[in-house]
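This report concerns only the one structure given below.
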Amino acid sequence: MRDQNCIFCKIANGEIPSAEVYEDELFRVILDMGPASRGHALILPKEHFKDVCELEEPYASRVLALGGKIGDAMKKGLGCTGFNLVQNNGKSAGQTVFHFHMHVIPRYDDNAPIVSWTPGSASPEELQETAAQIKSCL
Ligand code: 5GP
Ligand code: ZN
C-alpha cells in the first residue's frame, strides 16, 4: 500500500526524481538531501510502513542485508572506513519522515562526531526490573 500524501512513497516509486544508488522490486536506495557525511543514503521500501513496528515481510527480513550491501559498496566506492545503520522510530527518537527508512551513513577517519550517547548507570536490580517490564509485554 502507498500513502498518497507521503513524499517517501513518491520517491521510492520513482514519481519524484532522486539521486538513486540502488533499486530492486522491494526497495529504492537514494542519497539523503541533508547528508550527515558524503554518501549518506536512505533505504526506502516501495510500500508505506510508518515505522519498524509496522514493517512487514519480505521487507523486514531483507532490509538489514541490504544495509550491509550498500555499506560495503560505500567502502569500496567512496573510501569510507566504516558506516552506521541508523533507523529512527517516533518523534522522540528523531523520526521526521513517517515512512520507514534506514539510514546508511558512511564514516571516514576524520573524527566527525559519531552517533553516540553519554553512558548512564543502573544497578543490577534496576536492570532486572526494567527487563521485566519489557518482557511482560512481549
Ligand atoms: P529521519 O529523521 O526521519 O530518520 O530521517 C529523515 C531523513 O530524510 C533526513 O535525514 C532528511 O534529510 C531526509 N529527507 C527528508 N526529505 C527528503 C527528500 O525529499 N529527499 C531526500 N533525498 N531526503 C529527504
Ligand atoms: Zn510512504
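The values are calculated or read from the model by the stated rules, or taken from the named source; none is laboratory data. Because the structure is a prediction, the values reported are computed rather than measured. Methodologically, a virtual Cβ is constructed for each residue, glycine included, from the backbone with ideal geometry; neighbour enumeration extends over all protein chains shown. Surface accessibility is based on the protein's heavy atoms, side chains included, excluding ligands, DNA and RNA. Shrake-Rupley method; radii C 1.70, N 1.55, O 1.52, S 1.80 Å.
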Checklist outcome for this item: When region 109-131 is checked residue by residue, the ones that are more than 19 Å from the chain's Cα centre (by Cα) and in contact (Cβ under 8 Å) with a residue 24 or more places away in the chain are Asp109, Ala112
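Just for region 89-137: of the residues that are more than 15 Å from ligand 1 (Cβ to nearest atom) and among the β-branched types (Val, Ile, Thr), which one is farthest from Ala41 (Cα to Cα)?
The first filter runs over region 89-137 and keeps only residues more than 15 Å from ligand 1 (Cβ to nearest atom), leaving 107-114, 116-137.
So of that shortlist, the ones also among the β-branched types (Val, Ile, Thr) come out as 114, 118, 130, 134.
Working: Ile114: 16, Thr118: 26, Thr130: 34, Ile134: 32 Å.
This residue is Thr130.
In region 1-58, what residues are small (Gly, Ala, Ser) and more than 8 Å from ligand 2 (Cβ to nearest atom)? Explain how you work it out, then say what you get.
Keep residues of region 1-58 that are small (Gly, Ala, Ser), which gives 12, 14, 18-19, 34, 36-37, 39, 41.
The answer is Gly14, Ser18, Ala19, Gly34, Ala36, Ser37, Gly39, Ala41.
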Item to check | Candidate set from region 1-35 (those that are within 13 Å of ligand 1 (Cβ to nearest atom), part of a loop (DSSP other than H, G, I, E, B) and in contact with a His (Cβ under 9 Å, 6 or more places away or on another chain)); member that is least open to solvent (accessible area, probe 1.4 Å) | outcome: Cys6
Next on the checklist: Go through region 36-55 and report how many residues are hydrophobic (A, V, I, L, M, F, W, C), surrounded by 19 or more Cβ atoms within 10 Å (Cβ to Cβ) and near ligand 1 (Cβ under 10 Å from one of its atoms).
Outcome noted: 3
